[in-house]
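First up is the structure itself, then whatever we jot down about it.
The values are calculated or read from the model by the stated rules, or taken from the named source; none is laboratory data. Since this is a predicted model, take the numbers as computed values, not measurements. Ideal geometry is used to build each Cβ from the backbone, glycine not excepted, and the neighbour counts take in all protein chains shown.
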Amino acid sequence: MGSSPSKRGGGCLGRHQGSRGRGEVKLPGSRLRFSREQLQRLNLQLTRLEQHNSHGSGGDFSRERISAAVEVVVERLVQRLVCGAATLDSRFSSKFLATLDGIRDRSKPGQSPRFEYLVRLDVLSSPPVYQDCGTQPTCRVVEGQGSPQGFAKIRLQGEGAEQWAEFINASGFLRRDKIQERYVELLAQAAARAAPPVRPDLVDESRLCGSPGKIVDAGILDQLLRLSPEQQVFYGPADCNQSRFPDPRDFRIAIVEGAPEVRLRIGFLSPTLAGSRAEDVEVKLVIAVGCTGWPQTSDFPARTSLGHIDCLLFQKAAQTGFYLVPGPPHQTVRCDDRTATWQIWVPAAELTLLTHYSASSLPSRILAFLETILQQLRGRTSRQALGGFGLPATRNREFLKVVSRYMLRTLLWFQLERTGCDSAAVLQSWTSDTLALHVLRLLDELIIALKTQRFRSYFFPWCNVMLHSTSGGQHHPEEDYLSDVEILEDFLTCLHEESAVAVVPPEDDDVKRYLISELLETSLIRKWANVLADLAPPATTRSRRLSFGTYTTAGSAQFTPRQLDYITQLFREMLRVRHLTLQNQNSLSWFQGPLQTSSTTIQQEDPVEDLIYLLSAILEQAKELTLGNMSNSPMGTYVGPTGRNRRRASSKNNSCGNLRNNISSGSRLKNNFDASVILLVDSVRRDIDTSNANLSDDSVLVHHVLKWLYRGLDEDKRHLAPVLRPYLNRLFAASHENGWHLEEWRRRLDDQRDEMRVLGTFCRMVTASEASPSEALLDAVAKGWIWAENMLDTAEYLVCSDVTGQPEVSLQLVFTPTDEKVIRHNITLPSAPTEHLQLPESRYSTFSSTKSTYNRRCAAGTLKIKKTTLLRGPSVTLPALLVQQRNNWIAQGLGNVGSVISNPRAPHCRLRDASPMTLLLDARRRYGHQRGVGDIVQALVSLQKFSVLQEVSALLPDDERVQMLDAIQKLSKETRRNVASRRARTSSLHSNNDATATNRPLKNIKKKSQNSDSKLPQIFRPKEDFQPCTLEVKKQAEIELSVRALKQQENIAQREKELTREIDKFKAENTLLGACRAVRWQHAATRHSFLGGASAYNGSLFSDSTPSLPSIRETSLTGRSSLFDLSSYEGKRNNSNVALLQLTEDKQLRLTNPSNASIHPVVYADKPIGKKRDIVTKL
């Protein structure tokens, strides 16, 4: 019951028979066929279901308030229990409480909150919360060595490891079962004894989590840990010191130890809260050990091509680290030591993938529908509870037992990855009219996965999701899988029957809104595709006529600077992931850096070697994507429509023979590809132009990489061309489209980086007592920083909400600059503003008088930075307006009118979700509507395609169309005015430079003419003291002058060298060459630690999948030598492990040592010899 690795998901993914365009669709798992009319009816049916969910509980706001009160009470109770357990045993302390759902998924209308928290053990986790935290043991993650994929072991070493001696087994590994048992004991003691802390102000916030602002999701936690604690600030409780944590003795708490989480069943004894819920609340606490880097056994994101439309997103997701949770492998999976084996979780990477899309986007809507179906089929909701909308009732009275939310997410991620390879059609295949099509296909793939009990994990190729991600974390028998298959098939059958007879009223308002939103989105995507087609370069054959030289590089010459910039960003992110993966090697010691030896220093500092490393990594990935499945393709993993395996028993021998043929042919193709790559790499090393190029420039380096890839494609049309041609075509198409979104991607990160920098300055000033919080806050508000405005809005919200009824309500700011140091400041506002405090020009009524009397010039230590663009004004840009109108119409078509109605939220939830660190870090996420890395409207505005926007606006109603056209016209005029002023400034600058250049020689000529008219000066020469200038005196003066000039030149050259080294060292950290060199040095040090000496680097992005061996294998680009490559022997001349064939006197062949054989270097007559480098360099 294992899982087979598949590049497209376990077994069935990508093999179903698709629909004919947008027509009918055939589902192979359930053997059903949906027509085009049925798909349209299902789209409208799902739309009405979403409309009902958006209204919540039918407008019952009292129930919403009670649900919010329950959420606050439960979450604060969890905070007290977690803090109490850490108070009893400081080894289990956690500064933050991380949620597994995003911050925007916590308060969705119509959904009950989920209480799933990740308790990070800060003492064992990395990076540490404080850099100078004293003695802390070092955790070394060991993958493999008897552990299945997706699991690892922890070995403690260093100072402080003896404190965990009771949890370490005889092999030196940390036991997960002992850790979890101890934590359950601590939770039981904290619940029974009502252990401190009693109030939030008694909590040591430097180590524990008592404030609502420190409850963050796993993705934000990863970014918080990268910031300095001196630059962090959080919101305290709403009523400050007057509040108390809920008493655990007022609840019915049952603690159930499970795997990997600890379950708390909380019952309410209060009459108000007990009557609001018919069942207890379930809370899941997962203790985890955080780790930096990325798992070595994971094939994500290396399995995706650089030409994938979401490749940049995947590279970013792989830089968020991972966690080790106490989850054991399945009973049927082989594992040497189950008690010491921890499961690998990547919640931050998963949230990065989920938050890339907004709630109104198609992927998020698909996932929401699947979760709604799951809740109904689990028996937690019914059609009557849903108001009779949407989902039909099944005939089967049983409920799902195996299917989990994580299975649905995995199916969706694979479908997004599979359809993202073709950049031209990916946007059109994910429009609103394909909603029902994607939902049906995912349900059908789930049926097939349940039948085979096999579906690979999204991050680990040999980890079976159907076994390790089941509902409740339990191990289910085979009967439960078959029961879930019957329930899902019955549900699809009912859905098919109801969609065949359902009648949609043509005059329905929801139908009209839905059709308008669908037409608006489809028209926008079609117009964008036409714009991209117009911007595409001409055919390659047209450029070949203009190319010169033996090898044509017309393909690389067609890449625009914008595309090169996008590919540079891709390469940089790829190298960062590679660097993080190498940091997590299964080594016997920690690596401090590359070994500086005389034989490797020159090669490590050679920029050509960095180019070769990058080139070999791309070639290796292209080979794996094209030829990797030929020898590793899983057999017998697909289940056909009849529910049986495609491979028949009678054809077993033929299948085995075909498998051997596929493996042999795949190995032969790989060997031929490797031989061609070795020749290509040798040509790169011997090329003079590449050696003399300025590879420190990112654009030059990327241009040379592409040039050599296209040269290999043209040079070897038999072995390299079939692999590189589709790979480079996808890369060109993806860079051509995503290159227009790269500016928006960077601007989103840069804007929030500036906000974080100023917020960090605010924190340092307040903690150092250089300025009061109120003065610094008002100064930041006056300079237009968003975090300051949000902080002031939150303070006013506490006044308006009247939380405690006190005369004054304070917003508490919590600072934790160092360990065991907590600073609390209160920003107090009057609860009833007076008349003389109100000024009409300010919307901050309670702070108007203070702001008017505040003198920013005389204030000491105020913020020196002013934001260039003030966002407080009422001006609305066209992209924001278009996006707002589009989302509004999509929301109206979906029935999301409930979002307009104010949703009552408790102050605890507001302080938790509106904390300044949480808002700024969450703003870095995209939350886009379409596929890709940017927004189409933003790209059209940057291209100044206002005519396209006008055509799209014609689909809006009359009133909104007039408003949109006016905004487009104003923006067009402003853009033309800015362009004209920019051109005027440029032309005036050029004219001034030309005038200066022409006037300079005239002035010189005038001065010379005046000097020529003047009388020559008379020279006084005394007769007695005069000494004639002899030849020896002239020679001595010339020698002294030359020596002085030589010394001066040497000093200047030495200073220039030192300055150049400092500048290069400073620039190397942010350049592509520096990132590539860091990875090479680290890999060289890793190989030296394993092999006992310096060796060639590994150009592969893919780690070795052997579980018991570290990833130190020689790749095909360096470790194997081809028989057709004569120059490869030169690098092995001094290697005693290589044997050569020698012809003896009696004409027999024997093996001989290379040191005894005379090997002559190969000299190519048609290639010039470089001056900077040798011809032959060791591989």
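Summary of computed values
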item: Residues of the stretch 786-802 satisfying the condition of being of a type in the set (D, E, K, R) and not in a loop (DSSP other than H, G, I, E, B); result: GLU789, ASP793, GLU796
item: The one condition in (1) out of contact with any Asp or Glu (no Cβ under 9 Å at 6 or more places or on another chain); (2) at pLDDT below 90; (3) buried (at least 18 other Cβ atoms within 10 Å of the Cβ) that VAL809 fails to fulfil; result: (1)
item: Residues satisfying the stated conditions in the stretch 214-233, i.e. closer than 24 Å to ALA768 by Cβ and in contact with a Pro (Cβ under 8 Å, 6 or more places away or on another chain); result: LEU225, ARG226, PRO229, GLU230, VAL233
item: Options GLN563, GLN558; residue that is at pLDDT 90 or above, crowded, with 18+ Cβ neighbours inside 10 Å and farther than 29 Å from ASP444 by Cβ; result: GLN563
item: Residues satisfying the stated conditions in the stretch 91-103, i.e. surrounded by fewer than 23 Cβ atoms within 10 Å (Cβ to Cβ) and under 23 Å from ARG249 (Cα atoms); result: PHE92, SER93
item: Residue in the stretch 722-735 that is more than 18 Å from PHE673 (Cβ to Cβ) and over 25 Å from the mean Cα position of the chain (by Cα) present; result: no
item: Every residue from the stretch 45-72 that is within 30 Å of GLU498 (Cβ to Cβ) and at pLDDT below 65; result: SER54, HIS55, GLY56, SER57, GLY58, GLY59, ASP60
item: Residues that are modelled with pLDDT under 90 and part of a loop (DSSP other than H, G, I, E, B), drawn from the stretch 191-245; result: ALA194, ALA195, PRO196, PRO197, VAL198, ARG199, PRO237, ALA238, ASP239, SER243, ARG244
item: Within the stretch 942-962, considering residues that are touching a residue at least 12 places away in the same chain (Cβ under 8 Å) and aliphatic (A, V, I, L, M), the one surrounded by the fewest Cβ atoms within 10 Å (Cβ to Cβ); result: LEU943
item: Residue among GLN319, GLN331 that is in the same structural domain as SER126 (by TED's automatic domain parsing) and touching a His at 6+ places or on another chain (Cβ under 8 Å); result: GLN331
item: Checklist (1) surrounded by fewer than 16 Cβ atoms within 10 Å (Cβ to Cβ); (2) of a type outside the set (Gly, Ala, Ser); (3) modelled with pLDDT of 80 or more applied to ASP674, failing item; result: (1)
item: Top-ranked residue in the stretch 391-405 [being modelled with pLDDT under 80 and either part of a helix (DSSP H, G or I) or of a type in the set (A, V, I, L, M, F, W, C) (or both); ranked as surrounded by the fewest Cβ atoms within 10 Å (Cβ to Cβ)]; result: ALA393
item: Residue match in the stretch 283-300 (condition: of a type outside the set (Gly, Ala, Ser), closer than 30 Å to LEU731 by Cβ and either assigned to a strand (DSSP E or B) or in the same structural domain as LEU427 (by TED's automatic domain parsing) (or both)); result: no
item: Count of the stretch 170-190 residues which are under 38 Å from the mean Cα position of the chain (by Cα) and outside any helix (DSSP H, G or I); result: 5
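Results for (1) modelled with pLDDT under 95; (2) of a type in the set (Gly, Ala, Ser); (3) surrounded by 21 or more Cβ atoms within 10 Å (Cβ to Cβ); (4) assigned to a helix (DSSP H, G or I), shown as yes or no for each residue.
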{"site": "LEU443", "(1), (2), (3), (4)": "no, no, yes, yes"}
{"site": "ILE447", "(1), (2), (3), (4)": "no, no, yes, yes"}
{"site": "TRP462", "(1), (2), (3), (4)": "yes, no, no, no"}
{"site": "HIS476", "(1), (2), (3), (4)": "yes, no, no, no"}
{"site": "ASP480", "(1), (2), (3), (4)": "yes, no, no, yes"}
{"site": "SER483", "(1), (2), (3), (4)": "yes, yes, no, yes"}
{"site": "CYS494", "(1), (2), (3), (4)": "yes, no, no, yes"}
{"site": "SER499", "(1), (2), (3), (4)": "yes, yes, yes, yes"}
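Okay, residues lined up against (1) at pLDDT 90 or above; (2) outside the structural domain of ALA288 (by TED's automatic domain parsing); (3) polar (S, T, N, Q):
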residue	(1), (2), (3)
TRP342	yes, no, no
PRO363	yes, yes, no
LEU370	yes, yes, no
THR381	no, yes, yes
PHE389	no, yes, no
MET407	yes, yes, no
